[in-house]
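Everything below concerns the one structure shown next.
The values are calculated or read from the model by the stated rules, or taken from the named source; none is laboratory data. Just so you know, these numbers come straight off a predicted model, no measurement behind them. As a convention, Cβ positions derive from the backbone with ideal geometry for all residues, glycine included, and neighbour counts pool all protein chains shown.
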Amino acid sequence: MKRQSFSFAGDSEHFILRSVTSLLPGIEKIVAVYYSAEQRNLLAFSNNLMNEEYMFGVIDIVNTMPALERIRSDNAAYTWLRTDDIPFEISSKEKIQLILNNEFDNRVLLIRIPNVFDQKNDLYYFYFNQHLNNFGDIDDKKNLSAGNKTVIGNLLRNTIKMQLRILDEDREIYQGLNENIQVEQQELKTMREKYRDGLIDFCNNHLGDISQNTGKAFILDSGAIDKIREYKGDISGLRLMMERAATLAQSYNPKFIHNGYRISEGHIRFDNLEVKHLKVPVETGKVVNGQVPVVYQRTYELLDRLEIAAQKVQAKNMVLTSANICMELPMKISPPAISDALKNHQNKIISLHKLFPDRWKIIIGGFRPVQNAIMNLKSKDKKKDNDEDSPA
């Protein structure tokens with residue numbers, strides 16, 4: 001049967017009870033008596049060989065607690081016992097008599113393992129077969145020597161300690177991995193929230209443009225904000241969506257209410273938001289009916305994202321540095337990556353600035369990387385003109 005969980009899931013003592021049967025095939029029974037930090041109590045479980053299969057069970061040790069606690073306080077690493085030396089095996093006089101009449105001398109090995117929670121020892125009882133043939137073929141008339149038992153006791157105790165150590169290490173590794181996953185999930189959640197906040201800022205910014213052009217104020221109510229935060233389409237579609245929402249809000253509410261026309265959830269529609277770009281060469285690119293030439297689209301969106309991030313930075317009274325801008329972007333990006341992106345787009349930035357002279361005022365007016373991208377290109381153009389005007 002395949003395991004349904006990690007080996008270190010649950011109490012380690014249960015894993016030892018199940019795994020030792022592979023190390024000692026045919027062993028009659030194994031019992032673990034241990035202190036559970038979770039339950040703050042002493043527990044006992046057994047793994048018995050019955051009809052050639054091992055059966056896991058619980059042992060009642062309520063009436064033998066004092067005796068077991070004395071045994072747990074003993075510092076001997078291991079002890080070989082008779083069955084009638086074990087407290088929970090002696091439950092009645094009849095059982096005592098039965099054991100005495102069927103005594104197998106010292107065939108139970110008790111191993112003590114320190115418990116870090118209560119500073120006593122956990123107890124592992126190994127019930128070997130009558131003729132101790134768990135260790136191979138042994139003459140029925142021949143008992144294991146004291147030296148043999150010493151080797152077996154030390155070997156089995158070290159094996160248990162090693163398994164427990166491996167379980168603890170695996171548990172720590174798993175916990176570390178789980179903590180890393182939780183941190184990554186929290187970072188992803190934070191990124192998503194920043195992205196959603198960016199969507200709202202983008203929409204408010206475009207509504208500001210609409211208000212400036214129409215002379216009518218438009219505001220988003222909480223329902224509209226929640227709906228926009230769930231938008232998963234292309235960011236360029238938000239402009240069209242806001243224009244439609246503003247038209248619907250004004251149509252359904254012809255009267256000017258309070259401080260503006262209120263855009264509600266019902267005015268926000270995600271359908272048919274595909275923006276048809278004009279395929280116009282760079283050198284002849286023009287804005288037609290408010291649409292951006294396709295060759296400029298990625299540059300346009302890059303500048304929009306930087307402008308929104310810059311608005312957030314200014315709102316916090318912080319300096320417009322690349323590091324601060326990066327903190328406000330919806331996706332993780334480093335300051336050098338911003339510089340590289342602006343360098344790659346600098347030709348189109350100049351063209352877009354000419355097409356939209358009143359847009360991106362914050363980053364063009366005060367964000368050094370954008371200003372450098374513009375100035376570098378202007379310097380190159382000026383040098384080129386001077387070279388062409390110079391006499392041959």
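What the table shows:
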| read-out | value |
| --- | --- |
| Tally, over region 211-224, of residues that are buried (at least 18 other Cβ atoms within 10 Å of the Cβ) and aliphatic (A, V, I, L, M) | 2 |
| First in region 354-368 and assigned by TED's automatic domain parsing to the domain that holds S322, second anywhere and assigned to a loop (DSSP other than H, G, I, E, B) and of a type in the set (G, A, S), Cβ under 8 Å, 6 or more apart | L355/G285 |
| I364 being assigned to a helix (DSSP H, G or I), modelled with pLDDT of 75 or more, in contact with a helix residue (DSSP H, G or I) (Cβ under 7 Å, 6 or more places away or on another chain) and β-branched (V, I, T) | yes |
| Yes/no for S12 being at pLDDT below 90, in contact with a helix residue (DSSP H, G or I) (Cβ under 6 Å, 6 or more places away or on another chain) and over 20 Å from R107 (Cβ atoms) | yes |
| Strands (runs of 3 or more DSSP E) wholly inside region 15-97 that include at least 1 residues being touching a Gly at 6+ places or on another chain (Cβ under 9 Å), more than 19 Å from N115 (Cα to Cα) and assigned by TED's automatic domain parsing to the domain that holds L109 | 41-50, 78-81 |
| Selected residue (only one of N289, N272 is outside the structural domain of I350 (by TED's automatic domain parsing) and at pLDDT below 85) | N272 |
| Count - residues of region 315-341 that are in contact (Cβ under 8 Å) with a residue 40 or more places away in the chain and touching a Leu at 6+ places or on another chain (Cβ under 7 Å) | 1 |
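To keep it simple, each residue is scored yes or no on (1) of a type in the set (D, E, K, R); (2) outside any helix (DSSP H, G or I); (3) in contact (Cβ under 8 Å) with a residue 60 or more places away in the chain.
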site	(1), (2), (3)
Q186	no, no, no
K189	yes, no, no
Y195	no, no, yes
D201	yes, no, yes
L207	no, no, no
I210	no, no, no
I219	no, yes, no
G223	no, no, no
D226	yes, no, no
